[in-house]
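To start, the structure itself, in structure tokens.
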Amino acid sequence: MAKATRDAYGEELAKLVAENPKIVILDADLAGSTKSAVGGKVAPERFFDMGIAEANMIGVSAGLAASGFIPFASSFAMFCTGRVWEQVRNSVAYPGLNVKIVGSHSGISVGEDGVTHQAIEDISIMRSITGLQVYVPCDQYETKAVIDYVAEHDGPCYVRLGRAAVDDVYDADKVFDVTKINVIRKGTKAAVFACGLMVQKTLEAAELLAKEGIDITVIDVCAIKPSDEEGIAEVLAEYDQIFTVEEHSVMGGLGTMICEVAAERCPKKIHRIGMYGFGESGSWQDLLKEYNLDGEGIYNQIKGYME
């Protein structure tokens, strides 16, 4: 069943806020879009709309965390990472406060909202901050597992979510360890690490490649930081052809993280597929096609490198 990861977030947040009186919800005038409003309806006395003021939202979240609460602070990924970098670094990460930052509408799949709202640097921004964990789930079930995990984890976290409805990669009964990679398709010719929506698109590419006798392994990387270095290194050691695919700049995100692990653990040449510049306004489907991040585009890029 197709469901946006932001919708899964709202559903899981509603469950958690009902179970745990320490969880509080903050949003920056976008609760209907980020779906934090779903949780807010369960416990309106613990829901705070901070207005169009993300920096203030993060500061208040830090204060609530210092007072023993578990704040979930939501906005569009562009605004709860870029607009508030200093507050996240100095008020949340430096003191190690238990704040959960949830960025919805990430990547170019935010679509018609245009370049100003298309966060393609947020993973890079957040993974550079000391002590801040970063997760990019690919479907509704992994999203719920991530939200459960960060709610239990004592420390600052960033969770990257999307706007568009995406197909399920996993079944409802999947038991997750969100800190580990998941090999979801096994092949022999190449290994492809992907995160978020790009997991589904890479699986589409894998089917096209398989028709031409090119059988690839597809790995879902939900935990960007801390990364599953051991699991990643095992994959690197097994394959000569390595690719990364992300709906994010190729600088500083998943591809960079995999290159860092390779440099330390198992040196390999790695082909990074992602954004090499800004996007533009358009439907999310058209934008993925334009920037070769739909199934066909990923197929063409992998095949081109392998040839």
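The values are calculated or read from the model by the stated rules, or taken from the named source; none is laboratory data. Quantities reported herein were computed from a predicted structural model and do not represent experimental measurements. Cβ sites come from the backbone with ideal geometry, for glycine too, and all protein chains shown count toward neighbours.
Of note:
- The residues of region 121-146 that are within 14 Å of A223 (Cβ to Cβ), among the hydrophobic types (A, V, I, L, M, F, W, C) and assigned to a helix (DSSP H, G or I), listed by number, are I123, M126, A145, V146.
- Taken as a whole, the condition of being more than 15 Å from the chain's Cα centre (by Cα) and of a type in the set (V, I, T) does not apply to T143.
- With respect to the stated conditions, G10 is under 17 Å from the mean Cα position of the chain (by Cα) and either over 17 Å from G196 (Cβ atoms) or outside the structural domain of G51 (by TED's automatic domain parsing) (or both).
- Pairs meeting the criteria (first residue in region 7-20 and touching a residue at least 60 places away in the same chain (Cβ under 8 Å), second residue surrounded by fewer than 23 Cβ atoms within 10 Å (Cβ to Cβ), beta carbons under 6 Å, at least 6 apart or on different chains) are A8/K144; E12/K144; L16/I23; L16/A151.
- Residues within region 97-114 that are surrounded by fewer than 22 Cβ atoms within 10 Å (Cβ to Cβ) and either closer than 23 Å to Q200 by Cα or at pLDDT below 95 (or both), tallied: 4
- Hits in region 269-307 (condition: of a type outside the set (A, V, I, L, M), assigned to a loop (DSSP other than H, G, I, E, B) and within 17 Å of A206 (Cα to Cα)): N292, D294, E307
- Against the conditions (1) within 25 Å of C195 (Cα to Cα); (2) small (G, A, S); (3) surrounded by fewer than 24 Cβ atoms within 10 Å (Cβ to Cβ), G59 satisfies every one except (1).
- Leading residue by the ranking (surrounded by the most Cβ atoms within 10 Å (Cβ to Cβ)) among those in region 23-38 that are more than 20 Å from the chain's Cα centre (by Cα) and closer than 20 Å to P156 by Cα: V24
- Condition met for K201 (of a type outside the set (S, T, Y) and farther than 22 Å from Y276 by Cα): no
- Residues satisfying the stated conditions in region 263-296, i.e. surrounded by fewer than 18 Cβ atoms within 10 Å (Cβ to Cβ) and of a type in the set (G, A, S): A263, G277, S281, G282, S283
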